[in-house]
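Since every read-out is calculated from the coordinates, none of them should be taken as a lab result. The structure displayed is predicted, hence computed values, not measured ones. Cβ atoms come from the backbone with ideal geometry, glycine included; neighbour counts cover every protein chain shown.
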Amino acid sequence: MTSAIIFLASGFEEIEAVTIIDVLRRSNIKVVVVGLISNEVKGAHSIKIIPDINIDKIDLNNIDAVILPGGSPGYKNLKKNKKVLEIIKEAFTKNKLIAAICAAPAVLSEAGILKGKKCTIYPGMENELIKGGGIPQKDWIVEDENIITSQGPATALPFAIRLVEKLTNKETAKILKEKTLTNLVLKNI
């Protein structure tokens with residue numbers, strides 16, 4: 001079974017995190033919610049989620065994707081966590097799928113994996129990408145090799161569907177779009 005981890009730090013963006021977790025699980029992708037702390041993690045809008053495991057228990061050998069939701073101060077808490085940065089670097093060198101949305105591409109920049117890569121981020125934060133050698137784009141979702149980035153809460157559903165397509169196949173993503181009626185609302189994804 002394909003598996004992914006999604007990091008949750010205090011101040012994460014709930015729309016992004018929950019949408020990604022839900023959409024991937026609907027597509028039979030094992031999603032492990034990883035907390036930077038052992039107990040519940042409070043999002044930017046005070047929604048609390050209990051992680052499946054603590055960051056210290058991560059084993060990348062059985063993981064196909066590393067995903068980071070944005071939110072503030074969530075992305076800042078991810079960005080200053082040395083273990084998060086180490087895991088991102090290791091996943092990148094092992095050619096795992098790495099995905100970040102909203103402000104979280106700044107974490108990828110801090111990890112040093114965006115050099116020469118096309119990427120996107122929450123509008124107005126492009127300098128965060130440039131600092132790490134990224135090439136900012138204005139598209140909702142940008143894919144460059146094994147890195148996928150997206151712009152923010154409203155792009156969470158198409159972003160999650162793109163992750164499904166990359167982690168499974170186009171047919172699974174098509175079925176998901178039909179079951180969630182995304183094909184009626186967002187015709188270009």
Looking at the chain, which longest stretch skips every one of the trypsin sites (Lys or Arg not before Pro) that is in a DSSP loop with at most 14 other Cβ atoms within 10 Å, leaving the sites themselves out? 1-79
Can you bin every Cα-Cα distance in region 3-185 into 10 Å intervals starting at zero and give me the percent of pairs per bin, rounded to whole numbers? 11, 42, 38, 9, 0
Just to check I understand the Karplus step: with θ = phi - 60° and J = 6.51 cos²θ - 1.76 cosθ + 1.60, what whole-Hz values come out for region 165-178, glycine and proline as x? 4, 6, 8, 10, 6, 5, 5, 4, 5, 4, 4, 4, 4, 5
Net +/- balance of residues flanking Leu8 in space, Cβ distance below 13 Å, scoring K and R +1, D and E -1: -3
Please report the antiparallel percentage of DSSP beta bridges with both residues in region 3-185, rounded to the nearest 5. 20 percent
Measuring from label point to label point, each 7 Å out along Cα→Cβ, what is the Ser3 to Ile175 span in nm? 2.2 nm
Could you give the length gained on full extension between Ile37 and Lys83, defined as 0.36 nm per residue of separation minus the Cα-Cα distance, in nm? 15.4 nm
Beyond 26 Å (Cα-Cα) in this structure, taken from Lys138/Lys177; Lys76/Lys115; Lys96/Lys138; Lys30/Lys115; Lys96/Lys118, we find Lys30/Lys115
In the neighborhood of Asp144, defined by Cβ-to-Cβ distances under 15 Å, what is the net charge if each Lys or Arg adds +1 and each Asp or Glu adds -1? +4
Relative contact order, percent, of the chain when contacts are C-alpha pairs under 8 Å separated by at least 6 residues? 20 percent
Which of Thr120, Thr182, Thr149 has the fewest Cβ neighbours within 10 Å, and the rest in rising order: Thr182, Thr120, Thr149
